[in-house]
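Below you'll find the structure, written out as structure tokens, and then a few comments.
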Amino acid sequence: MREYKLVVLGSGGVGKSALTVQFVQGIFVEKYDPTIEDSYRKQVEIDGQNCMLEILDTAGTEQFTAMRDLYMKNGQGFILVYSITAQSTFNDLQDLKDQILRVKDQADVPMVLAGNKCDLEDERVVGKDQGQGLANEWKVKFLETSAKNKVGVSEVFIELVRLINRKIPEAGKRGGAPKQCCALL
């Protein structure tokens, strides 16, 4: 079974933990308790393939930014989350993306942009067109989500796994012919 290392990033209070817990455990976490770092594992089937997702739910607060380089280095794909109710969380994304590309030393890394809290339409300050515009500029997938109402939650994680599969196809399925490196003559 192929394993995937997914990292959920974004400013404090955007709903990274709520999205992750909703996806992994199917429950909505109502109270906001700042995360330092939580890791979850979930087995899912995506496109007929069994996958083990290791999801790292990261700290959004400034005091833990030193830890970011490490999980950016180890992550295969990233969900960048902002809250549609807070412009500053949207504005913070460019720095996060730049940091990921710098740490990975790659121009193209699997990423999904998630505008969370779409259930709070009355409090919206970041338009859907802004999110889509940024995603188009970055050439990444964009989804609006609501951890509370289970909108787009699974789709964000599934889409990220598909992006990883396209960028890093699995080398040689198990059970096939062994690779030969040194043939004896």
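The values are calculated or read from the model by the stated rules, or taken from the named source; none is laboratory data. Note that this is a predicted model, so its numbers are computed, not measured. Glycine gets a Cβ as well: all are built from the backbone with ideal geometry, and neighbour counts include every protein chain shown. These area figures cover heavy atoms from the full protein model, side chains too; ligands, DNA and RNA do not enter into them. Shrake-Rupley method; radii C 1.70, N 1.55, O 1.52, S 1.80 Å.
Mind running the shape call on the chain? Use the C-alpha gyration tensor, a ≥ b ≥ c as the square roots of the eigenvalues: rounded below 1.5 for a/c, prolate if a/b tops b/c, oblate otherwise. Cα axes put the chain in the prolate bin. Positive contributions from Lys and Arg (+1) and negative ones from Asp and Glu (-1), summed over other residues with Cβ under 11 Å from the Cβ of Leu9, come out at 0. Taking a sphere under 11 Å around the Cβ of Thr89 and counting the other residues whose Cβ falls inside, with K and R at +1 and D and E at -1, yields a net charge of +1.
Under the criterion of Cα pairs below 8 Å and six or more residues apart, the relative contact order for segment 102-147 equals 54 percent. Of Gly60, Gly127, Gly12, the residue with the greatest mean-square motion in the GNM of the chain, using alpha carbon springs below 10 Å, is Gly127. Extension gain, Asp108-Arg2: 0.36 nm per intervening residue step, less the Cα-Cα distance, totals 36.0 nm.
Note that the chain presents 54 Å² accessible area per residue, ligands and nucleic acids not counted, probe 1.4 Å. Comparing Lys97, Lys73, Lys31 in a Gaussian network model of the chain, where Cα atoms under 10 Å apart are tied by springs, the biggest mean-square fluctuation is seen for Lys31.
The share of accessible area on the chain that comes from carbon and sulfur is 50 percent, using a 1.4 angstrom probe. Across the chain, C-alpha contacts under 8 Å between residues 6 or more apart give a mean separation that, scaled by the residue count, equals a relative contact order of 23 percent.
How large is the helix-only mean residue ellipticity at 222 nm for the chain, computed as the sum of -39500 (n - 2.57) over DSSP H runs with n ≥ 4, divided by its residue count, in deg cm²/dmol to the nearest 500?
-10000 deg cm²/dmol, from helical runs alone.
Charge tally for Glu121 (other residues, Cβ to Cβ under 13 Å; Lys, Arg +1; Asp, Glu -1): 0.
For the chain, the antiparallel share of DSSP beta bridges with both residues in that region comes to about 35%.
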